[in-house]
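First the structure, in the form of structure tokens, and then the observations on it.
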Amino acid sequence: MRRRVLIAALGLALAGLLLGAEDARAGHESLGALLPGSALEGSRLFAGKGCLGCHSVHGAGGTAGPDLGRGILNRPLLEIAAVTWNHAPGMEHVLHEKRLARPTFAPAEMASLLSFLYYLGSLDPPGDRDRGAALFRDKGCQACHSVGKDGGRIGPDLTRYGRYASPLYLTAALWNRGRAMAEAMEARKMVRPVFQGNDIPDLLAHLRSASGSTERIYAPPGNPKRGEALFRERHCMECHAVRGHGGKVGPDLAVVLRGSLMRIAGTMWNHGPRMWARMAERRIDVPSFTTEEMSDLVSYLYFFQFIDPPGNARRGLVVYREKRCGTCHGPEASKPVAPPFTAVVEKLETPLGVITAMWNHAGRMAEIMTEENVAWPLLRSGEMADLIAYLLEAHGAEGPVPGRKGATAPNAARESRVTK
Ligand code: HEC
Ligand code: HEC
Ligand code: HEC
Ligand code: HEC
């Protein structure tokens, strides 16, 4: 009963958010690469395969495992897979206690699940209204803007922003009015505020509380595919490259951008004046965005981070030896207890195939490791990608291209050597 309520609540909260991801899959080649599987389908699997029984998302769900809604999985696909792998014995332990079978996945399901887990990282923690009130005062907003009864009259009254449940409305307005605001600040010799971390959601929490509004207007879910089109149409690409393709006036955004949607939106605001100056030089009109468009654009910018830098087979061999996979899988095993990779790579074929198999077999592996007294091999950042590159290359599959057979991030991965 309780479980059904939880699933319903999670479904409501996420369906709206994720619907956009599903239609984003259709059509567009390069974005098909960025959006593996369907995140909406992933949210269904998350409930249906029992993850929700142990894990909550922003407080809704089970408590045996950690809450996965807090941005801990805001990292590339194979890094999420590595984190999940590292925790496999701990999970196995609880599964055992609860007498539950380990849920298994097909590679396409795994892709949906992982893109869902990644999407969770785009959500900011809810704003803190007390912190927001302090920011509103300290950043000078209050000197120019009123909310409810109090505040300045230089800028428009912001009471109506209290209706919005999503900080994207505030973000779009800040960007669109940004230049006029910067001028008003300059005229009064005020320092233009910059945003960090969760500042924008905190400010919104203050606006909501000060306006006393009980209305809740959600932003439409971002559609990264439409965001990519906007990125081109609104001239961003004339100055910014994405993984090396595009202009060189501003930084390569796939290299510099990190974090949740609001962090990215905050970064855009922070760099506004220098960008506007460059736009003026090149006679590009500063583009303005509707909330929907802003949502699409930042989702697109967010999804860059989902693509892993390609693995390196030579480093992968070192990982394979260090983690002692060979003690069970051969060739150096004294008594091989696991299938040799030569036999399995044919059928695994892609990185997604490998991580799916690793998940599905983790239970049995954990058991044998306990029997054989081998410590669970923990994978650090980048090691999953290297290991997979080694397994696939050394054993004759075509190498470290996530998602051949339409699974995950195809060739884009080859170009995306991101320095970390
Ligand atoms: C029977 C309970 C249980 C189920 C079912 C379960 N987990 Fe877990 N999970 C745990 C526990 C306990 C941990 C912490 C293990 C540890 O710290 O070693 C964990 C850890 C994790 C982590 C690492 C989180 C971190 O700390 O960064 C991820 C990711 C994860 N689980 C994903 C999943 C997914 C996806 C599913 C569904 C396919 C799932 N879990 C199903 C109990 C469970
Ligand atoms: C120096 C005065 C000044 C300061 C300081 C200032 N603003 Fe503004 N703000 C303005 C003016 C003037 C406008 C209207 C700009 C225009 O006409 O396009 C505006 C517009 C806005 C809008 C759009 C309102 C609408 O009509 O939809 C928002 C939202 C906003 N500001 C938020 C903020 C926040 C949040 C802060 C603090 C971080 C801030 N402002 C600081 C002067 C200021
Ligand atoms: C005329 C050139 C130009 C155009 C057009 C342009 N930018 Fe920029 N952008 C820059 C420059 C230059 C910087 C670095 C500014 C600085 O250092 O403060 C920058 C910085 C940024 C940053 C911060 C990157 C960082 O360092 O973290 C973001 C995000 C960004 N731009 C997004 C966009 C988006 C989205 C568009 C399209 C709506 C766009 N830019 C259009 C020139 C441009
Ligand atoms: C203690 C022994 C042991 C170690 C060490 C070990 N494995 Fe395994 N592994 C197994 C067993 C046993 C199976 C088969 C489990 C089953 O059939 O459910 C397996 C299965 C697999 C599979 C699935 C193969 C298939 O048939 O689909 C993959 C992939 C895998 N292991 C990868 C690794 C990697 C990578 C490492 C090193 C990080 C590793 N294993 C270390 C025992 C081990």
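The values are calculated or read from the model by the stated rules, or taken from the named source; none is laboratory data. Being a predicted model, the structure only gives us computed values, none of them experimental. Every residue, glycine among them, receives a Cβ derived from its backbone with ideal geometry; neighbour counts consider all protein chains shown. Accessible surface areas use protein heavy atoms only, side chains included; no ligands, DNA or RNA. Shrake-Rupley method; radii C 1.70, N 1.55, O 1.52, S 1.80 Å.
Structure data summary
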quantity	calculated
Accessible-area ranking of 78, 378, largest first, probe 1.4 Å	378, 78
Probe 1.4 Å, all protein chains present, accessible-area order of 49, 248, 149, largest first	149, 248, 49
Among 379-390, 205-216, the order from most to least packed when residues are scored by Cβ within 10 Å on average	379-390, 205-216
Those chymotrypsin sites (Phe, Trp or Tyr not before Pro) in region 202-291 that DSSP places in a loop and that have at most 16 other beta carbons within 10 Å	218
Residue 194 - accessible surface, heavy atoms, 1.4 Å probe, Å² rounded to 10	70 Å²
Projected label distance in nm at residue 177 and residue 232, using a 7 Å step from Cα toward the beta-carbon	3.4 nm
FRET efficiency, residue 378 to residue 256 (Cβ-Cβ, R0 41 Å, nearest 0.05)	0.90
Proximal charge balance of residue 143 [Cβ under 9 Å; K/R count +1, D/E count -1]	+2
Full-stretch length increase - residue 343, residue 128 - with 0.36 nm per residue and alpha-carbon distance subtracted	72.0 nm
Diffusion coefficient, µm² s⁻¹, Stokes-Einstein with Kirkwood Rh over alpha-carbon pairs of region 43-161 at 20 °C and 1.002 mPa s	124 µm²/s
Estimated FRET transfer efficiency (residue 104, residue 277; beta-carbon r; R0 51 Å; 0.05)	0.40
